[in-house]
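Notes follow the structure.
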Amino acid sequence: MGFFDDLKAAAIEKVKEKVKEELAELGIDLDEDEDDADIDEAPEPEPEEIAAEEASSTPAQDDDGGERPVSAWSTPLNVTTSLPPSAPAVASSNYSPSTTSFPRPDADTTFNEAVQKLWDLDARLIPNQDYKIDVQSSKHPCNKEDAAEEPLFTYVKPAVFRKRPTFTTFVALLNNYSTYTGEEEDVTEQELQENRAFLNEVMKTAPMKYCHQYCIAKGCTYKGKEISGSESEFKRILNSIWFELYSRSGRRNMDSSGFEHVFVGEVKNGQVSGFHNWIMFYLEEKRGNVDFRGYIKPKCRGSSTAETNDDDPVLTLQFRWNGVEKFVGTCFIGVTPEFEMALYTMAFLASEEDENVITLDAGGEKFDLNVKCHKYDRNTKVGSCYVEALAHYE
């Protein structure tokens, strides 16, 4: 049994209890079932032509030959097939990615095509059903006045954190880091188990399986070794590029990691650095640590301009985190943790460029995005990954 497969049920229960207690402090009760009744079942679209190997009805096999352990999560999830291109988001709490089908990428699949496929495969939350936001007023990045009197998030359905293992294991990681660069990180054994639990869960999802296949198809290498079809080995690579520590402050303190920077955020030289994740934003708003100060309008393309509204899946924001400014920061809204992990992992492993301009069809609206990826520690770890919104149009 491999390093990532020997997590005991007791360790998983610790993760779940930790998240339950943390969210309870914010008034989010994971024991309540009152919101389950109005969650729609996931749609049943036609399967696509080529199925992933994991779509077989036979017991799941690990790439190294052994039978994959059954998930320790007690709440069953309904099974669905893949989403068709540009499909609307499916109900957040009733999606199981374990048997999702998708066409395999090949050497000719472009980065833009791969990102669009990730988007089509993602089981995003449904705006105004699974979550609600209030974008309020726009502003220029240089404008220091507060253009938003209310929080950005008005509601996120608690069932999202109870029924979706990738959300639960993701939340467990968010308080494992020191905010300020220069402060040495103290990683406990429990936190290492939480990292492994998260990687185990995201690798069961369609976006991360597609990411893995894309990296194989493009002949990607890591530390001089070609990426293989072994899922266990790929999880080790993910652990290395996202969770292994390095020094960001230049003081030789092991004070940062790719995951901390991108998804949690840091304070460096008196400014917020990183912090590109909507779940972290929502939870920090609930704690009173984030002050949303308005959104930044992206540029338009020609005369076909789309208005920024409360169901946009990409927003450029200005906010304060514990009183420290983030003048411009773009993040996806309502996407799953696995979508962003897959997107930024592909940018890190499969792109030779620091910047990748793409067009994302979000179903009725399009976004020109620049997917940026900066590498650290001799190109072995994520320094930063995020998207920059270039244009928003219909």
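Annotations
- Taken along the Cα-to-beta-carbon direction at a fixed 7 Å, the label points for E352 and E150 span 5.0 nm.
- Using R0 = 45 Å, the C-beta based FRET efficiency linking S228 and V187 works out to 0.95.
- Dimensions (Å) - region 114-247, Cα atoms, principal axes, largest first: 51, 40, 34
- Calculated on C-alpha atoms, the gyration radius of region 180-337 divided by its Kirkwood radius gives an Rg/Rh of 1.01.
- Inter-site label distance for S240 and N112 at 7 Å from Cα along Cβ, in nm: 3.2 nm
- Tail fraction, Cα-Cα pairs, region 211-280, threshold 21 Å, whole percent: 41 percent
- Here the calculated FRET efficiency for K8 and N309, from their Cβ-Cβ distance with R0 = 56 Å, stands at 0.75, rounded to the nearest 0.05.
- If you count Lys pairs in region 215-291 whose Cα atoms are under 24 Å apart, skipping same-chain pairs closer than 8 places in sequence, the total is 4.
- Rounded to the nearest 0.05, the FRET efficiency derived from the C-beta distance between Q271 and E21 at R0 = 30 Å is 0.40.
- Taking a ≥ b ≥ c as the square roots of the Cα gyration tensor eigenvalues, region 315-379 comes out oblate, since a/c reaches at least 1.5 and a/b does not exceed b/c.
- Put a dot 7 Å past the Cα of N322, heading toward its Cβ, do the same for N289, and the two dots end up 0.6 nm apart.
- With contacts taken as Cα pairs under 8 Å at a separation of at least 6 residues, region 170-259 carries a relative contact order of 33 percent.
- Across region 224-369, Cα pairs under 8 Å and at least six residues apart give a relative contact order of 14 percent.
The numbers here are math on the coordinates, done by the rules we state, and not lab data. Since the model is a prediction, treat every value here as computed from it, not as a measurement. A quick note on method: Cβ atoms are made from the backbone with ideal geometry, for glycine too, and the neighbour counts reach across all protein chains shown.
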